[in-house]
Amino acid sequence: MGAVREALDALSLVDHHCHGTVAADLGRDAFEPLLTEGDAWPGVSPFDSPAGVAVRRHCAPLLDLPRHAPVEQYLARRSELGWREVQRRFLSVSGTDVFCVDTGFAPDRLTTPREVAEAAGGSAYEVVRLESVAESVRAAGIEPDAYADAFRAAALDAVRRPGVVAVKSVAAYRTGFGLDPARPSDAEVTGAARHWTARGGRLDDPVLVRHLLWTAVDLGLPLQLHTGFGDSDIRLHRADPALLTDWLHLTAGTIPVLLLHCWPYQRQAAYLAAVFEQVHLDVGLTLHHVGPARAGAVLAEALEITPFRKLLYSSDAYGVPEFFHLGALAFRQGLAELLQERVDADELSLPDALRIARWAGRDNARRVYGLPDDLPEGG
């Protein structure tokens, strides 16, 4: 094992974007859909995918099973241990001691940020999803001409909760990024709110999404933006972060913008991080879906031109705790292989490689989110 891998294995990670896990024991019918961003297909198991294979290879031993254990054996052992013990094992072994948890999407009962932290023996912070705030405002029956002020007040209340460090938008799902970059006028917002309150449903009006993004700027906290890969609700060509270029010009000098996931647009995201001071990125979600075997290839593309203080680690684990472990494992292995290769080729000094590893795994997130300097550093 090389020196970079040893250092990364000993580094306690900051997972700057993740979710809770389902707080219940899961049978096969409930577990399998959580392995994929796709829909369930009759006769096709999500276990027969790169993510499913990685679970059986890298997660089975943590349940006291052999590598590549059969699916039935794997699921039976999960049930035998119970969801709390399964969660504890995977989160504690991930070597992550700080979690920034998006609490805005919870169709099932998910573990809270506090429960995530307790399972890992670490600490957790909250990320507020602004679309959820807006939809709560509409559901309260607000008049259209009062929507803008009501949303701003509700968003301010949400971000003032103890432990909130960032906000997030899923504009990529709702409208895509091909939006007019300018801040909408009060009249535009009122008109759009009138149409939305009349028809109901989720927030997917382009004017109101623009208003949400500009409200995020006004809030002053880092803004996380889902980009690229997601479930079938997304239109991938509209989730290219390069479409944000004009908006990033207009918001220069305001808040940090964190581009989440990015695949297959990691190169576009890298370009934005290279030319806009406020832009940072990760390739979370992608890593546990491609698995440790391909994580290095994705990270190599993301780091072709990305400044080293701009790459962050995230797992984007959701639903099943296996993804906390797989995300961390893929990140450590992929980044270590990439950096060690450059050290061996004398393209990078070992001290520089170790600094980059620490920045990406921990310190960049601490700086962007203003996390305490005295976070524990043990592995």
### Query
For the chain, what does -39500 (n - 2.57) per DSSP helix run (n ≥ 4), summed and divided by total residues, give at 222 nm, in deg cm²/dmol to the nearest 500?
-13000 deg cm²/dmol
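Counting only C-alpha contacts under 8 Å and six or more residues apart, can you give the relative contact order of the chain as a whole percent?
Numbers: 705 pairs, mean separation 83.9, N = 379.
Taking the mean separation of contacting Cα pairs over the length of the chain, I get 22 percent.
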### Query
Using the beta-carbon distance between Arg114 and Ala76 and R0 = 25 Å, what value does 1/(1 + (r/R0)^6) give for FRET efficiency, to the nearest 0.05?
0.25
### Query
In cubic angstrom, how much convex hull volume per residue do the alpha carbon atoms of region 238-352 span?
110
### Query
Rounded to a whole number of µm²/s, how large is the Stokes-Einstein D of the chain at 25 °C and 0.890 mPa s, given Rh as the Kirkwood radius over C-alpha pairs?
116
### Task
Report the relative contact order of region 26-81, percent, no decimals, based on alpha-carbon pairs under 8 angstrom and at least 6 residues apart.
27
## Note on the structure
Sorted by chain and then number, the residues having a modelled amide H within less than 5 Å of the amide H of Val279, at least 5 places away or on another chain, are Val257
### Message
I need Leu244, Leu311 ordered by Cβ neighbour count within 10 Å, fewest first.
### Response
Leu311, Leu244
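Considering Cα pairs under 8 angstrom that are at least six residues apart, work out the relative contact order of region 117-221 and quote it in whole percent.
33
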### Query
Taking region 98-169, which chymotrypsin sites (Phe, Trp or Tyr not before Pro) meet the DSSP loop condition and have no more than 16 other C-beta atoms within 10 Å?
Phe105
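As an exercise, identify the trypsin sites (Lys or Arg not before Pro) in region 142-199 lying in DSSP coil whose Cβ has no more than 10 other Cβ atoms within 10 Å. Write down the numbers at each step before the final one.
Values: sites: Arg152, Arg160, Lys168, Arg174, Arg194, Arg199; in loops: Arg160.
Passing both the DSSP loop test and the Cβ count: Arg160.
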### Query
Taking the mean number of other Cβ atoms within 10 Å as a proxy for protection, how do you rank 339-351, 78-90, 294-306, 255-267 from highest to lowest?
255-267, 294-306, 78-90, 339-351
## Note on the structure
Simple SL model, points at 7 angstrom along Cα→Cβ for Arg152 and Asp231; separation in nm is 3.4
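Laboratory data are not the source of any read-out in this text; all were calculated from the coordinates shown. Remember, predicted model here, so these are calculated numbers, not experimental data. When we count neighbours, we look across all protein chains shown, and the Cβ atoms used for this are built from the backbone with ideal geometry, even at glycine.
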